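Q: One structure, pasted below without further comment.
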Amino acid sequence: MSGYVTPNPQSNIGPPRNLLLHYPVHRAEYRGSIGKAGGHMLAKVHSCAVIGLEGLVVEVEVDIAQGLPSFTVVGLGDAAVQESRERVRSAVRNSGLTFPMKRLTVNLAPADLRKAGPAYDLPIAVGLALASGQVFGATEGAAFIGELGLDGGVRHTEGVLPMAAVARQHGLTTLYVPVEDAAEASLVEDIRVIPVRSLADLLAHISGERPIAPYLSQARHLPEEETFPVDFQDIKGQEHVKRALEVAAAGGHNILMSGTPGSGKTMMARALISILPPLRLDEALEVTKIYSVCGQLPRDTPLVRRRPFCAPHHTTSIAGLVGGGPGRARPGMISMAHRGVLFLDELPEFGPKLEVLRQPLEERVVTLSRSSGTITYPAAVMLVAAQNPCPCGWYGDPERQCTCSPAMVTRYQKRISGPLLDRLDIHVDVPRVNYEKLSSDRLGEPSRTIRDRVIAARERQHERFGSAGTRTNADMGPADLRRHCQLDAAGQALMKAAARQMNLSARGYHRVIKLARTIADLAGVEQIGPAHLAEALQYRPCRME
């Protein structure tokens, strides 16, 4: 039973008179003997923890016993949890309460789960106020989350959204969170969110003195932003590259752009976001949960409505790319780009660390195994990569001579392994743009028009796959390929010749079929034809596989 207090009848710490009407005593949970100085006072409240991206309900038990003054927190807490003792001590005193000079023990259960972060400050303080008999009120069915300042103020806490979700799953009906996090917590339906500004306000609410109104939010219905940093109509020339990006966006395919410096690779990669379909609500909640755990959710944007675009520098560590790290594990950049775009500029400069992306690109998740357990982060991303053909960047350019030796060019290109290149569906060359196109006032096709075609293709895929778990053509497995990608006689003949001449691997063969399925969807036809296969084959790398 949660939210109860079992006081010591001989304790000299009592509630204010105006709080006595709210005094729920549960005799069945009484600890200690009535009339003895050694009687205990115990209170229990609920809080939540975050493991990976999932929440877990934590029971906070506060026991006050006779003995030398001490304050002990047990339950496998990290340094931030242990430091909560000083924050709680000062916050309780600065909120008008008396800190009991007795033996205080706080247990965070389950005890075998490692606890991290300052989110347990608020439940510990509430449990202490209840156990000491200074405040009485019903807290059953409630969870408390928040960091305390020394003045008793309640501060922002990371990971509120997954905590709110797990609280609802476990039947808790009320969630007390910092005012800054109320909009985020309200994204979870069927749970009452109480925004808390200070510990004193919360205790007054629990006692019934000054009730706090629940938070009401319309964040689930926020429209998506319509403005984008780069529009396709502002990109001069490069029509074949724009077409390749449209195919990639329509099917969620990975793409590699190779070209000389200044040819527009980075600009077109950033424009890709403008032609991707808007996030569905379930996708937006997935992305918001990741940003919440990472502490990067904008305060004025409780729900992420635009697909993320992440562009890590090539000096980023392996943990920065896939997640983990010392101490508390966190999602990496590939998870931050979930349901969006992961852009790796200057791809060869990333070096051997790129090999850690192989499994996430195939399975759409990152699995981190540690001695303390296994954590899984989502990683359904579109990988967009850009590279120069050589160290100086001008190999193959018709107007500027390359200064690299053949050996240097070969070494540079071999920095990216064959297995990783095989996981990139589309390989496209980005040539230099001539002066006539650069100086022309003619605008290209706007992103809105291209986006409409991409959305139509995605809707066809949604109708085809239904609720089977597959979202885009890039996610199709062998069973989906067999069911939805049948080739006619002409198509089979073309693929047989291509497999022999291009030395396609099994993965390469399947990726060509998936690309052809996307091209057919853009054309609005159900049957994959030779023309669709021919265009898909053009996107394979020119060198022998």
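Q: Which members of the stretch 427-464 meet the condition of being among the hydroxyl-bearing types (Ser, Thr, Tyr), out of contact with any Phe, Trp or Tyr (no Cβ under 7 Å at 6 or more places or on another chain) and touching a residue at least 12 places away in the same chain (Cβ under 8 Å)?
A: Pass one, the stretch 427-464, residues among the hydroxyl-bearing types (Ser, Thr, Tyr): 435, 439-440, 447, 449.
Subset that is out of contact with any Phe, Trp or Tyr (no Cβ under 7 Å at 6 or more places or on another chain): 435, 439-440, 449.
Correct list: 440 only.
Q: Looking at the stretch 420-449, which of the residues that are modelled with pLDDT under 90 and not in a loop (DSSP other than H, G, I, E, B) is nearest to residue 541 (Cα to Cα)?
A: Among those that are modelled with pLDDT under 90 and not in a loop (DSSP other than H, G, I, E, B), it is 422.
Q: Determine, yes or no, whether residue 233 is at pLDDT below 95 and over 25 Å from the mean Cα position of the chain (by Cα).
A: On the way: at pLDDT below 95: yes; over 25 Å from the mean Cα position of the chain (by Cα): yes.
Criteria met by residue 233.
Q: Go through the stretch 74-115 and give me each residue that's more than 35 Å from the chain's Cα centre (by Cα) and assigned to a helix (DSSP H, G or I).
A: 93
Q: Which residues, taken from the stretch 359-382, are of a type in the set (Gly, Ala, Ser) and either in a loop (DSSP other than H, G, I, E, B) or in contact (Cβ under 8 Å) with a residue 12 or more places away in the chain (or both)?
A: Just the residues of the stretch 359-382 that are of a type in the set (Gly, Ala, Ser), to begin with: 369, 371-373, 379-380.
Selection gives 371, 372, 373, 379, 380.
Q: Out of the stretch 118-152, which residues are touching a Phe, Trp or Tyr at 6+ places or on another chain (Cβ under 6 Å) and under 22 Å from residue 102 (Cβ atoms)? It would help to see each step written out before you state the result.
A: Within the stretch 118-152, the subset touching a Phe, Trp or Tyr at 6+ places or on another chain (Cβ under 6 Å) is 122-123, 126, 136, 144.
Selection gives 122, 123, 126, 136.
Q: With the structure loaded, tell me whether residue 428 is in the same structural domain as residue 274 (by TED's automatic domain parsing), touching a helix residue (DSSP H, G or I) at 6+ places or on another chain (Cβ under 7 Å), aliphatic (A, V, I, L, M) and within 25 Å of residue 505 (Cβ to Cβ) or whether it fails that test. Even if it seems obvious, please write down each step before you answer.
A: Numbers: in the same structural domain as residue 274 (by TED's automatic domain parsing): yes; touching a helix residue (DSSP H, G or I) at 6+ places or on another chain (Cβ under 7 Å): yes; aliphatic (A, V, I, L, M): yes; within 25 Å of residue 505 (Cβ to Cβ): yes.
Yes, satisfied.
Q: Follow-up question, since we're still on this one. Would you confirm, using the coordinates I've provided, whether residue 322 is touching a residue at least 12 places away in the same chain (Cβ under 8 Å), farther than 30 Å from residue 411 by Cβ and surrounded by 22 or more Cβ atoms within 10 Å (Cβ to Cβ)?
A: On the way: touching a residue at least 12 places away in the same chain (Cβ under 8 Å): yes; farther than 30 Å from residue 411 by Cβ: no; surrounded by 22 or more Cβ atoms within 10 Å (Cβ to Cβ): yes.
It is false that residue 322 is touching a residue at least 12 places away in the same chain (Cβ under 8 Å), farther than 30 Å from residue 411 by Cβ and surrounded by 22 or more Cβ atoms within 10 Å (Cβ to Cβ).
Q: Could you give me the residue pairs with C-beta distances under 7 Å whose first residue belongs to the stretch 402-423 and is farther than 15 Å from residue 358 by Cα, whose second residue is surrounded by 17 or more Cβ atoms within 10 Å (Cβ to Cβ) and of a type in the set (Phe, Trp, Tyr) wherever it lies, and which are 6+ apart or on separate chains?
A: Within 7 Å, the pairs are 402/394; 402/395; 404/395; 409/395.
Q: Right, residue 458: under 18 Å from residue 425 (Cα atoms), modelled with pLDDT under 90 and assigned to a helix (DSSP H, G or I) or not? Show your work before the answer.
A: Values: under 18 Å from residue 425 (Cα atoms): yes; modelled with pLDDT under 90: no; assigned to a helix (DSSP H, G or I): yes.
No; evaluated as a whole, the condition is false for this residue.
Q: Take the conditions closer than 30 Å to residue 378 by Cα, assigned to a helix (DSSP H, G or I) and in the same structural domain as residue 378 (by TED's automatic domain parsing) and apply them to residue 452. Does it pass? I'd like the intermediate steps shown before the answer.
A: Values: closer than 30 Å to residue 378 by Cα: yes; assigned to a helix (DSSP H, G or I): yes; in the same structural domain as residue 378 (by TED's automatic domain parsing): yes.
The answer is yes for residue 452.
Q: Also: How about the stretch 332-347: which of its residues are closer than 11 Å to residue 310 by Cβ, touching a helix residue (DSSP H, G or I) at 6+ places or on another chain (Cβ under 7 Å) and either touching a residue at least 60 places away in the same chain (Cβ under 8 Å) or outside any strand (DSSP E or B) (or both)? Spell out the reasoning first.
A: Our first condition is that a residue be closer than 11 Å to residue 310 by Cβ; within the stretch 332-347, this holds for 332-338, 340-344.
From what is left, the residues that are touching a helix residue (DSSP H, G or I) at 6+ places or on another chain (Cβ under 7 Å) are 332-336, 338, 341-344.
332, 333, 334, 335, 336, 338, 341, 343, listed by residue number.
Q: Let me ask something additional. Would you list the helices (runs of 4 or more DSSP H) that sit entirely within the stretch 116-188 and hold 1 or more residues that are within 21 Å of residue 104 (Cα to Cα)? Please lay out each step first, then the result.
A: Numbers: elements: 121-131, 160-169, 182-185.
Ranges flagged: 121-131.
Residues are listed down the side, and each one gets a yes or a no for (1) in contact with a Phe, Trp or Tyr (Cβ under 8 Å, 6 or more places away or on another chain); (2) modelled with pLDDT under 95; (3) part of a strand (DSSP E or B); (4) surrounded by 14 or more Cβ atoms within 10 Å (Cβ to Cβ):
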| residue | (1), (2), (3), (4) |
| --- | --- |
| 349 | no, yes, no, yes |
| 352 | no, yes, no, no |
| 384 | yes, no, yes, yes |
| 389 | yes, yes, no, yes |
| 395 | no, yes, no, yes |
| 402 | yes, yes, no, yes |
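The values are calculated or read from the model by the stated rules, or taken from the named source; none is laboratory data. Small disclaimer: the values here were computed from a predicted structure and weren't measured. Every residue, glycine as well, gets a Cβ built from its backbone with ideal geometry; the counts of neighbours run over all protein chains shown.
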